[in-house]
1. About its Cα centre, how strong a charge dipole does the range A:184-280 have in debye, to the nearest 20, once Lys and Arg get +1 and Asp and Glu get -1 at the Cβ?
2. Could you tell me what percent of the accessible area of the protein assembly as shown is made up of carbon and sulfur, with a 1.4 Å probe and every protein chain present?
3. Whole-Hz Karplus ³J(HN,Hα) for the range B:136-146, in order, using 6.51 cos²θ - 1.76 cosθ + 1.60 and θ = phi - 60°, x for Gly and Pro?
4. Using a probe radius of 1.4 Å on heavy atoms only, what accessible surface per residue do you get for the protein assembly as shown? Whole Å² is fine.
5. If amide H atoms are built 1.01 Å from N in the plane of the peptide, which residues on other chains or at least 5 residues away come under 5 Å of the amide H of A:Ala211?
6. Rank A:Ser147, A:Ser63, A:Ser224 by mean-square fluctuation in a GNM of chain A with C-alpha springs under 10 angstrom and give only the top-ranked residue.
7. May I ask you to derive the relative contact order of the range B:3-211, considering only C-alpha pairs under 8 Å and at least 6 residues apart, and to give it as an integer percent?
8. Could you tell me which of B:Tyr116, A:Val44, A:Asn259 has its Cα farthest along the dipole of the protein assembly as shown towards the positive end, charges placed at Cβ (Lys, Arg +1; Asp, Glu -1), taken about the Cα centre?
Amino acid sequence: MNASTVAGSIIIAILLAGAVGAGINLSLPQPVAAFPAPTKYREVYVGKPEDYPNVKKVNLEVSMEMGGVELKASGENLVYMLGFSRKASGKPLVKTEVSDGVLTVSAVAAGGGLEILLGRNYVYNVDISIRSGGFKLAISDQLQVESLKVTAASGGGYLSLEGSPSLKNAELSLGSGGVVLDVKAEGFKGSSKLTVSVDSGGVIVKPLKLAGDVGCRIKATVESGGLSFKPENFTVVESAKNTCEIQTSNYDSAVSRLNILVSVGKGGVLINQELADVIRQMPQAYPQMGGV
Amino acid sequence: MGFTGRIGFLLLNPREAFKPENIDSRGLGEPFGLLVAFSAVIGVLVSSLLLAAVRLFAGMAEWFGFEVGSLIASVSIIVSVAVTVCFIILAVVLWALISVFTHLSARYLFKGSGRYSGALKAYGYNSVLLSPTVLGLLLLVYLPGLAPLSIILVVISTVWLLFSWVTAVGSYYNINGGKAFFSAFIIPLAFFSLVALAVILPLASTFRGFAV
């Protein structure tokens, strides 16, 4: 067999391999790719009440470079649960320290997803810092959060209040991105101050659902951009091009008060309305966009 | 020399293999068959990659609540056949057109000696140099992690194909390398560039009209 025959045989072999390989690939059942891609690594850190018998207050400090954080109430009796999931290596670092009846949990992770579960029998101070990513915070049931601070250089966030939680002070601060506030806490008690500041992006405060004895005041300012609010169930205190302040009629006499302060540098703010409502109204508001 | 020997000879000694006495003595069926076989295999492999990309987007769509998995499964064979047929038609059209322009240039502009059928056969035989592309695409389908190697193989295939095609034209028409390069590459490229301009310019002016 000479060199030409060998070379020719290789070429024909490649052609046949390509034909057979392509045929097999097409004939095999190909499931739709899983999305998000399955995580390769998962670490769970759980603090149980028996591990911290004298603790009543928990300081939770989380720092992530990139990824998503989800915080919610646990159905079980626990102090905390941190569930890290990631696709790449780089184990998170979690430290705990108890001092004067206060448990401090600090977690540092490079990236991935983090699920945080909080118990109902403790008072929490939560400080989350993300360089780039998203957060979904569901303060629900009887969660007692004294302070909630979230800082993200870029990303998106969602904060919901449901059931009868206690949230004294929340500060959500984003460099660029968007935040949605969804308050449906009809059993809300006490006073609460929610501050949202976004340098560049948008904030949506969805229509609020609060008990009749809860007073609510919302103040929003936009340096450059648009601001839209729906004064339904609210009294307009101030309304200008770049700022607005609305409050419920019972605000001054209410025992429980919810104060929402929104500040956006460049971008837009929607108060007491859904984004979908605004999009639906667009053809009327901007007839040139509504077609013929 | 048997079939595999002829194919190997094209790779190892193209100057000799594409001489008129070796090309004109062969029929048109073999080079045409090789061209169709290679373009069909590349078409099927490309369709596999396209479907893999579609499945990825379908995964995202399902994540958002759109049930498209069954739809993708039912149309995958149709997509594969359509892409493969398109590749074969495109290859045959390019085969005829490039051979025409090469023949006109080499035969009449540079006074070479050779027939149009010879140009067609040379082009058809030259398609065996698509084998590194087949290998690269096969790797990409089964081992996506080796994508850089696949890209290298496709680049090698393209450069080798062009070099061999210029050599084939020079050898078959008995013209020097510069004339062969002009006939085999520059003239067809100029034609396709003119066609592209003829299509793009009216489209561009139409869209400019919309913008105004």
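The values are calculated or read from the model by the stated rules, or taken from the named source; none is laboratory data. The model shown is predicted, which means the values in this text are computed figures rather than measured ones. Heads up, the Cβs are rebuilt from the backbone with ideal geometry, glycines too, and the neighbour counts pull from every protein chain shown. Heavy atoms of the whole protein, side chains included, go into the accessibility calculation; ligands, DNA and RNA do not. Shrake-Rupley method; radii C 1.70, N 1.55, O 1.52, S 1.80 Å.
1. Working: 12 positive and 10 negative charges, 32 e Å.
The dipole magnitude comes to about 160 debye.
2. Numbers: 16090 of 25200 Å².
Solvent-exposed carbon and sulfur of the protein assembly as shown make up 64 percent of the total.
3. Taking θ as phi minus 60°, the curve returns x, 5, 4, 4, 5, 5, 9, 10, x, x, 9 Hz for the range B:136-146.
4. Numbers: 25200 Å² over 504 residues.
Counting only protein heavy atoms, the per-residue value for the protein assembly as shown is 50 Å².
5. Under 5 Å from the amide H of A:Ala211 lie the amide H atoms of A:Phe188, each far enough along the sequence or on another chain.
6. Among A:Ser147, A:Ser63, A:Ser224, the largest GNM mean-square fluctuation belongs to A:Ser224.
7. Values: 232 pairs, mean separation 57.5, N = 209.
This gives 28 percent for the range B:3-211.
8. B:Tyr116
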